[in-house]
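First up is the structure itself, then whatever we jot down about it.
The values are calculated or read from the model by the stated rules, or taken from the named source; none is laboratory data. Every value quoted in this text rests on a predicted model; they were computed, and no experiment measured them. Neighbour counts run over all protein chains shown; Cβ positions are idealised from the backbone, glycine included. SASA here: full protein model, heavy atoms, side chains in, ligands and nucleic acids out. Shrake-Rupley method; radii C 1.70, N 1.55, O 1.52, S 1.80 Å.
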Amino acid sequence: MSDRADQPFDAALPSPIAPVLSLGAQAEGSVVTVAGMSVLQSGTYIPGHTEREIVKLAQQRDAPDLIVISGSAGGGKSALIASVLSDHSDLFDDDVVYDATHAERPDVTQADRLGKFFAPFADGASAWDAGGLPKLIAANTGMLIQLFQQFRDEGAAFTQLEALLKHKLGVTRAEEEPVTPWSIVVVNLDLRPTAGQDGLARDMIAALDFNNPDGLLEGAPRCGTCRVRAFCPVRTNSLMLAASVDAADAVLEAAALRRGRHDPPRVMWDFLSRALTGDDTFDAHPDPCVRVAEAASQEDQAWVWEHMLMRKFFGLGGELGRRVADLDPSLRPSMTAHELLANAGVRPEGDAAAVASAPGGGEALETAAILAGSRSLHVGELGRALVTAAFLGDARRWEFMDADDVAFGALIAEYGEQAIDPDGQFTELWQLPALLEDAIAQAFGVRQGGAYIPVEGYDPRQSSRVFVRLHLSEESRSYVLVEDPAERRDPLGADLAGHRPLAVTVKLGGVEVAINLPTFRLLRVAAAGTVASTADVERFYALRRAVEALARMAAGPEEPLLIEAPGSGQRYEISRAAAGGRSLLVLREP
């Protein structure tokens, strides 16, 4: 056996790559169990605004009787409870449910356990029955709905609790909050920002910094003994990402906007794990550092290059990775990007210097630079990597969002400002009714000196159709800008989650419509003449329901109608006129 001094690193020290790999979406370390957080999970958990506010709430004299942490899988519900209880268990009831979400429908044993947990909130219970320290539970929305159905099937009565929870979670049409003899707070972690202002992304990236002694890797002590760091893309990617946190956070925020919802922490960790490892699982090596040593022994510069952040950041797998790929600045019209792409491969020494000077200064940059200056890379691949490196170095110089991203970003910003100052000047919000009117007329009706929509509902197969004039305005009440539903329904819960709306909510004909970025894109392409159903069929049908309500509201006795003659495409306007004390129908070409 060789002397330890002959080894590329001290194998007695833990691999810093292994914990990064364990953060993948399918890895064991990505899920917090009922028993609590592991050492790894404790290191990756990022506490913030929500945890601090829950503790403050529990410390108040009028603390709630029940705190429900809800949200989709991977949102960090169980981890939040474990974090809060680690320092403040004395503020909460001993009966805690860390995770009631293993299945969408609870089994018999689980339902019995939850029935006992919720017993103080059964119908007929009084305030003193639930008195004492707040009870704490983590449960997703779907499971809770199934649970209450199961309670009813078994004859248990929790109608007040069910009504209140459904109201706060937004799964009921009731506008008024039910009155109960006890108080409940629901914190929906799907509303918690994970990127951008007050998000978690920056702290997550800092936790993965190989040089951070307080991070997940505790300064990566094995790296101090490693003699093959020039062939370790993972360490260099970590340093590059930490040095490029502004750019990475901006991209992740834009990706969430495109989804219309914040990405849960588990999805964020999966993306960051992929970014550092170059989307490689290292499955063939129990100790992933051995693969790095193999690359070094073979002087495999190509393997290093294929795993580099500048090569992979806009080409990672996973659902979040696919959204990030659409934000690649090399795909945007930009003179800066054009110059890098056009000049890639022309001056190899310049390409090598650009790679070597990328943010972070990791040793593997030198190895990647050798390959970049060797003329062995495809110029398109090299050019895109140079654009990514330059973007990560200073994202402020780059346009990485398209026109819809930018326009919707301005719209959502005004929506947030309008909630604080309703009398402010809001250009984008004022233009929204006109966009909706154009899009609706193009997608469902006709433009004939104005916007018209079908009276009886949208069916292009009808040979003869009747249309009514569409006026979207606050004055007609056909269009109403409304308060964000989460803030309107449960302002305390929204505040605890640090909620920042990602959609503008309006009422069209009394039907509430959330306009997020995907819906905004649909409206823009529809207004431009693209067939809306082919652009986004799901949102097309949601919009169609609102159009039918608008038609019912608009089709009053005084409104002119537009008639389309069968088979001819010719249209006539019908309006009422008074003559000799009688009401006549007047037919004319519009």
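Please list, by residue number, every one of the trypsin sites (Lys or Arg not before Pro) in region 196-231 that is coil in DSSP and has at most 14 other beta-carbon atoms within 10 Å.
Details: sites: Arg202, Arg222, Arg227, Arg229; in loops: Arg227.
When the trypsin sites (Lys or Arg not before Pro) of region 196-231 are filtered for loop state and at most 14 Cβ neighbours within 10 Å, Arg227 remain.
Give me the percent of accessible area attributable to carbon and sulfur for region 479-530, probe 1.4 angstrom. About 55 percent, which is the carbon plus sulfur part of the accessible surface. In the full protein context, region 173-330 carries 38 Å² of accessible surface per residue, based on a 1.4 Å probe and ignoring ligands, DNA and RNA. Region 178-211 and region 151-173 have their alpha-carbon centroids 25 Å apart. Surface composition of region 370-432: carbon plus sulfur atoms hold 54% of the accessible area, using a 1.4 angstrom probe and ignoring ligands, DNA and RNA.
Rounded to the nearest whole Hz, the Karplus-based 3J(HN,Hα) values (6.51 cos²θ - 1.76 cosθ + 1.60, θ = phi - 60°) of region 71-88 follow the sequence x, 7, 4, x, x, x, 4, 5, 5, 5, 4, 4, 5, 5, 6, 4, 10, 9, with x at glycine and proline.
The residues neighbouring Ala248, those whose beta-carbon lies less than 15 Å from its own, together hold a net charge of -4 under the Lys/Arg +1, Asp/Glu -1 convention. If you take the Cα centroid of region 432-450 and the Cα centroid of region 461-531, the two points sit 14 Å apart.
Normalised per residue, the accessible area of region 388-477 is 50 Å², obtained with a 1.4 Å probe and no contribution from ligands, DNA or RNA.
Partners of Lys56 within straight-line reach, counting aspartates and glutamates whose Cα lies under 19 Å from its Cα and excluding those fewer than 8 residues away in the same chain: Asp65, Asp87, Asp90, Asp93, Asp94, Asp198, Asp490, Asp495. Taking 16 Å as the straight-line reach from the Cα of Lys116, the lysines in range (excluding those fewer than 8 positions away in the same chain) are Lys135.
For Ser22, the solvent-accessible surface with a 1.4 Å probe is about 30 Å², rounded to the nearest 10. Accessible surface of region 110-261, 1.4 Å probe: 49 percent of it comes from carbon and sulfur atoms. Between region 295-352 and region 44-76, the C-alpha centres lie 41 angstrom from each other.
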